[in-house]
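Step one of this worksheet: look at the structure below.
The values are calculated or read from the model by the stated rules, or taken from the named source; none is laboratory data. This one's a predicted model, so the numbers in the text were calculated from it and none came from an experiment. Here the Cβ is made from the backbone with ideal geometry for all residues, glycine too, and neighbour counts use every protein chain on show. For the accessible areas, the whole protein counts, side chains as well, though only heavy atoms, and no ligand, DNA or RNA atoms are used. Shrake-Rupley method; radii C 1.70, N 1.55, O 1.52, S 1.80 Å.
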Amino acid sequence: MKKTATQSPKTPQKGEKAERTEKKISHGGIRWGVVWYYTVWVAFVAVYAAFTVLLVENIRQEGTNVRTPTKRAAAAIEALRVVKPSKFNYSYVFMLTASVAFHAQAIARRDWSAIAASIMFLATDFFNEIVNALLYHFSNYSACWVATPGNTIFQILIGWNAEILLTFSISGLILSWLLPTQSHAKFLLIPVDLIICCILAGFATAVELLLLHPFEALTWDFEWWNIGNMPALNIFLFGYLHFFVLATWVRNIPYTWLKLTIPITFLLLDLLAFCYFGPIALHWI
C-alpha cells in the first residue's frame, strides 16, 4: 500500500517570528511613548501653574493688589475685545492671507510635523497670555507685559492682540522648516535643535526690546520684571524660549497621530480656560 505522508504542523518561518516580535516591540513602544509624551506635557503645565501660584502669592504679599491699574493696563482693558472699525488696516488682511497660505502649503505637502509645531507654538503662547491676564486680575495693577491698544484691530487679552496671534501662528511652521531632519543632530556636542530654538528665541527677544518696547507696543510695569536691569533674560526665558522648545519637542514625536493630538488637546484646554476665566463665566480676563 502507498503510504500517505502525514502532514506535520506548519512551523512559522524565522521571518514571520521576527515580524511578530517587531510588532510586539513597536506596540509596546507606542504605549510607553504615549505615557512619556503626555507625562512631559502634564509636567510642564503643572510647573507653570505652580510658578503662577507663587507669583500671585508674591504679588499679594507685596501689597500690589491695593494699587490702581497703570494707564497702559487700563487702556488695554478698556479696549478688550472691542471691534473698532477705525483701526482697520490692510496689513491685517495680508498677515491673515500669509498665515493661511503657509498652512495650506504645509497641509498640501502632508507636513504634519510642521502643522503640529505650529499648533503647539500657538497653544503655548495662548497659555502664556492667559496666565499673564490672570496676573493682572489678581494684582489689579498690571500684567508682566501689556500690549498697548495702539492701532490693533482687536485686543484679545491684556498682552495679546490679533496681530501677535497671526505672527505667532506661522512661527511654528518657520521653526519646523529650519530644524534638521535628524532630531539627534549635534554641533559641538550641543543638539542642533536647541541651538536653533535659542537663536529664534533670541531674535524674538531682540524684536521686542529694540522695536516693540521703544514704540510702547509691548510694555511692562512691574519692577521685578527687570531683574538686575536685564529684561532680555526674562523675555528670553519666560516669553519665547519654551515656545520654541515645546514646538520642537512635539515636532519630533515619531507618531503622527500623537504629535497632532497633544497640541490640539492643549489648544482646546486653552480655549476652555479662556472661556471660563474670560467672557463666558468669571470675566476675570
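Where in the range 207-285 are the helices (runs of 4 or more DSSP H), entirely inside, with at least 1 residues that are within 20 Å of F138 (Cα to Cα) and either without any contact (Cβ under 8 Å) to a residue 12 or more places away in the chain or open to solvent by less than 50 Å² (accessible area, probe 1.4 Å) (or both)? Don't jump to the end; show me each part of the working.
On the way: elements: 231-234, 242-251, 256-277.
Hits in the range 207-285: 256-277.
I need the full set of residues from the range 183-194 which are without any contact (Cβ under 8 Å) to a residue 60 or more places away in the chain and open to solvent by less than 50 Å² (accessible area, probe 1.4 Å), in order please.
Filtering the range 183-194 for residues without any contact (Cβ under 8 Å) to a residue 60 or more places away in the chain gives 184-194.
Of everything in the range 183-194, those that are without any contact (Cβ under 8 Å) to a residue 60 or more places away in the chain and open to solvent by less than 50 Å² (accessible area, probe 1.4 Å) turn out to be A185, V192, D193.
Looking at N128, N151 in this structure, which one is polar (S, T, N, Q), farther than 22 Å from H103 by Cα and part of a helix (DSSP H, G or I)?
On inspection, the qualifying residue turns out to be N128.
Of everything in the range 181-230, what is within 20 Å of the chain's Cα centre (by Cα) and more than 14 Å from V245 (Cβ to Cβ)? Give them in sequence order.
F203, T205, A206, V207, E208, L218
With respect to M95, is the statement that it is touching a residue at least 24 places away in the same chain (Cβ under 8 Å), among the aliphatic types (A, V, I, L, M) and open to solvent by 40 Å² or more (accessible area, probe 1.4 Å) true?
For M95, the condition - touching a residue at least 24 places away in the same chain (Cβ under 8 Å), among the aliphatic types (A, V, I, L, M) and open to solvent by 40 Å² or more (accessible area, probe 1.4 Å) - is met.
Filter the range 160-182 for residues that are crowded, with 18+ Cβ neighbours inside 10 Å and without any contact (Cβ under 8 Å) to a residue 60 or more places away in the chain; which is farthest from V100 (Cα to Cα)?
W160
Can you tell me which residues in the range 98-112 are surrounded by fewer than 20 Cβ atoms within 10 Å (Cβ to Cβ) and either in a helix (DSSP H, G or I) or modelled with pLDDT under 90 (or both)?
Filtering the range 98-112 for residues surrounded by fewer than 20 Cβ atoms within 10 Å (Cβ to Cβ) gives 98-105, 107-112.
Selection gives A98, S99, V100, A101, F102, H103, A104, Q105, I107, A108, W112.
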